[in-house]
1. For Leu91, indicate whether it is in a strand (DSSP E or B), more than 23 Å from Phe33 (Cβ to Cβ) and either free of Cβ contacts under 8 Å to residues at least 60 places away in the same chain or of a type outside the set (D, E, K, R) (or both).
2. Of all residues in segment 94-111, count the ones that are more than 17 Å from Ser81 (Cα to Cα) and either in a strand (DSSP E or B) or among the hydroxyl-bearing types (Ser, Thr, Tyr) (or both).
3. Considering Glu84, Glu25, Glu29, which residue is surrounded by 13 or more Cβ atoms within 10 Å (Cβ to Cβ) and in contact with a Gly (Cβ under 6 Å, 6 or more places away or on another chain)?
4. Asn48 - would you say it is in a loop (DSSP other than H, G, I, E, B) and under 26 Å from Thr172 (Cβ atoms)?
5. I need a count of the residues in segment 19-73 that are over 16 Å from Ile159 (Cα atoms) and among the charged types (D, E, K, R).
6. When residues of segment 95-117 are filtered for being exposed (fewer than 13 other Cβ atoms within 10 Å of the Cβ) and either at pLDDT below 70 or closer than 19 Å to Leu142 by Cβ (or both), how many remain?
Amino acid sequence: METVEKNKKVSIGYSLKDENGAIIEEVPESFPFVYMHGCDSVIEGLENALEGHHVGDHIVAHVPYDKGYGPYRKDLIIKVSKEELRNIGELWLGMELEMVRDSDMTEFSIPEDPRDIYNKSDDEEDPTIYTIKEIQKETVTLDGNHPFAGKDLTFEVTIVDITEPTVTELETGLPDEYSEEEGDEDGGFDEDFPEDEQNNFGRHWR
């Protein structure tokens, strides 16, 4: 029987609840979330809870914020002028923008690929994705915290499948389902992959 362990490809359905028991994210078993275990694909508290389990197991994992998305940081709330965002076009609350910095300037853009959202390398101290929280007359308030930062969470997870990864998956730490090779010619998702999951892919447990 296959076991959830490092470098195994794991498929799971789940519901995610906040401190009040409200469901804030959900993925059905019929279209499970697929990840590479032990490759920093999911938050520490959840990965630890899934370790050693088998297909068909149902796990309830209570994950405190320090084992999840960390504390909510007020220093990641910034205000920018609307002039700085003129290249974006229409703005709305909840819109996610990518910040790109170089030596002498900062620019914001719309992420081209939903898989880019909340994905960052370990040596990056600052977030690259900001969410619009308020729109004022001349300025826009942006929040660089993950939407689940500062929250104690409860995951109810069912393990749908555990398989051996391909060579490519071992090299990249990313399931082939979400790689450019498995998508369309522009690096998108398979047409059968639910649109809601495409839009939320990068958010999962990053």
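1. For Leu91, the condition - in a strand (DSSP E or B), more than 23 Å from Phe33 (Cβ to Cβ) and either free of Cβ contacts under 8 Å to residues at least 60 places away in the same chain or of a type outside the set (D, E, K, R) (or both) - is not met.
2. 1
3. Just one listed residue meets the conditions, Glu29.
4. Considered against the rule, which asks whether it is in a loop (DSSP other than H, G, I, E, B) and under 26 Å from Thr172 (Cβ atoms), Asn48 comes out as no.
5. Of the residues in that region, 7 qualify.
6. So the answer is 9.
The values are calculated or read from the model by the stated rules, or taken from the named source; none is laboratory data. Note that this is a predicted model, so its numbers are computed, not measured. Quick reminder, even Gly has a Cβ in these numbers, built from the backbone with ideal geometry, and neighbours come from all protein chains shown.
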